[in-house]
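Here the structure is laid out as structure tokens; the discussion comes afterwards.
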Amino acid sequence: MVTEHTERGGVPAAGPQAPPAPVTGRTATVLPLGHRWGRYDLLWRLAAAAGSGLAQLFALEPYGLWWLGPLSAALLLFAVAGTRMRRAAWLGAVAGATLMVPLVRWQDVFGADVWLLIAAAETVYYLPMAMGVALVLRLPGWPVWTAALWVAQEALRARWPLGGFPWGKLAFAQPDTPFAGYAALGSSALVTFAVALTGGLLLWAVLRTASRGPRAGAPTAALALAASAAVVLCGTVAPAVGRPPAGETVTVGMVQGNVPNVGEMSVAGERMQVLQNHADGVHELAAAARADGTELDLVLLPENASDIDPFRDPRAREIIDGAAADAGVPLLWGMSRFNDDGTRYVSSVVWDPETGPGEIYDKRFLVPFGEYIPFRDFFTRFVQRLEQVSSDAVPGTEPGAVEIGGTTLAVGICFDVAFDGPVRESVAAGGGIIVIPTNNANYNFTGQSDQQLAITRLRAVEHGRPAVVVSTSGISAVVDPDGTVAYQSPEAEPDIHVAELTAADGPTVATRLGAAPEALLAAVGLGAAVAAVVLSRRARGDSADG
């Protein structure tokens, strides 16, 4: 494949079009408008765009080929280098759709139309990103600017619309890799930046070598490769910077009660069946602890571990009271708490064996079309099965720093963990162990549970403390502060487990900095895109004046 361009310095040549010439010199690292990748330019670009989406897909769980993350970024740069905005946009759409359509396939539990609508909405963000990347590839230092634009795209996607949907970030493919350490300094944004920067540097090295030949291009290519290696190496040592000291050690019980009708949209089954399954699990755990002399400090149960609101149903409350009394320690029990107007909170409630319900954390980020129907009157008119979501959940507003049995947990329920804010704020409020109660019963064996666990693993590294996922039907897991999985349950089976966890006492650098690294990197990327537009217009003006 021969690289070509049809313009000099990004300005169209006057007079008849000259035959394409090989890329040399400056164009090896600055890719101007009109740059071409040989005779089959469009075919190469299309293949690279699709390859970018596929590489990111397979970097993520359940595949876990994390080293494809930088390749994904490099392929997108290759696809849009030197193109006009319209072509860059549709190439970005190809990359985005190739990733998102299979990635969120598990959403078809609500119907293929809902799945494809969400995939399409997620794909849209790749259009302006690809356009911005095409612009900044015309600037010196483009590996930095393109990586920053990845951060800007993910930052917007995690916030708008309907509160955002950050699934599939570049960072989420790196839960215990050399890149993961950057999470301890700058959250998921810095991880994404490091992955995309590495991909850009590798492409820069290839272009430099191809344009100048192996001998002439070797020194600068070696410099780019050394920079890539330095990015990876720094990620391995980053968690040691500002690592929080160890706190108390607690003995934690976990109950995965399982649910009837796994994989169906409704997981309620017979009335109180989910509640009874989890109460039985607590009794089993308590009996096992007594048998081997284990002294539990607290017991964790998943989101929706009760399918009945015990604040309104005396029988449900009696079942939970009995489980707590048998365990002899406080329980963290997931349930829906209904309001008088028919809305509900998705909550985790501390249930003491003597005093009953205490502290409550209400889920802050809710799943559109799953836990509530946005614009209900409009959407249910066209998709009647959405009426199966009979009550709309409302979001909580307070961080999930929950004190239970003398230990403060940083609680984020299910979808909360995909967003940087909820876990960070819970840790900043004093949470020494991250706890993610979740209900993935609709998604067993679809890869969704694996993807959520990978995000939780990154959160453990980000905040330098152990994390526990406790699920109704799997995957439940214990994660060490370095992101490795110490224990993982089977899916769609009842399970109990006991873990000794050492809480962290204090924040990491990432916890302290909050959203500042993301805001700074996004601003750098957007600023570079603006600079590229200004310089391009100035160049056209100078050409016209000449």
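The values are calculated or read from the model by the stated rules, or taken from the named source; none is laboratory data. In this text the structure is predicted, and so the values were computed from the model without any measurement. Backbone-built Cβ (ideal geometry, glycine too); neighbour counts: all protein chains shown.
Got a number for residues in the stretch 415-472 being among the basic types (K, R) and at pLDDT below 95?
0
Go through the residues of the stretch 79-87 one by one and say whether even a single one is in contact with a Lys or Arg (Cβ under 8 Å, 6 or more places away or on another chain) and basic (K, R).
Scanning the stretch 79-87, I find at least one residue that is in contact with a Lys or Arg (Cβ under 8 Å, 6 or more places away or on another chain) and basic (K, R), so the answer is yes.
Would you say R337 is closer than 18 Å to T472 by Cβ, basic (K, R) and in the same structural domain as G370 (by TED's automatic domain parsing)? Please lay out each step first, then the result.
Working: closer than 18 Å to T472 by Cβ: yes; basic (K, R): yes; in the same structural domain as G370 (by TED's automatic domain parsing): yes.
Taking the combined requirement at face value, the residue satisfies it.
Does the stretch 314-329 hold any residues that are among the basic types (K, R) and more than 36 Å from the chain's Cα centre (by Cα), and which are they?
Selection gives R315 alone.
Quickly run through the stretch 234-249 and pick out the residues that are surrounded by 13 or more Cβ atoms within 10 Å (Cβ to Cβ) and part of a helix (DSSP H, G or I).
Of everything in the stretch 234-249, those that are surrounded by 13 or more Cβ atoms within 10 Å (Cβ to Cβ) and part of a helix (DSSP H, G or I) turn out to be C234, G235, T236, A238, P239.
Restricting attention to the stretch 354-390, which residues are surrounded by 15 or more Cβ atoms within 10 Å (Cβ to Cβ) and in contact with a strand residue (DSSP E or B) (Cβ under 8 Å, 6 or more places away or on another chain)?
Selection gives P357, E359, I360, Y361, D362, K363, L366, E371, Y372, V389.
With respect to D495, determine if the residue is crowded, with 18+ Cβ neighbours inside 10 Å, acidic (D, E), farther than 27 Å from V151 by Cα and touching a residue at least 12 places away in the same chain (Cβ under 8 Å).
So D495 passes the test.
So if I check each of V427, V485, V461, which one is closer than 19 Å to G168 by Cα and touching a residue at least 24 places away in the same chain (Cβ under 8 Å)?
Sole residue among the options that is closer than 19 Å to G168 by Cα and touching a residue at least 24 places away in the same chain (Cβ under 8 Å): V461.
Can you spot a residue in the stretch 392-402 that is under 18 Å from V350 (Cα atoms), aliphatic (A, V, I, L, M), buried (at least 22 other Cβ atoms within 10 Å of the Cβ) and not assigned by TED's automatic domain parsing to the domain that holds T177?
Yes, the stretch 392-402 contains a residue that is under 18 Å from V350 (Cα atoms), aliphatic (A, V, I, L, M), buried (at least 22 other Cβ atoms within 10 Å of the Cβ) and not assigned by TED's automatic domain parsing to the domain that holds T177.
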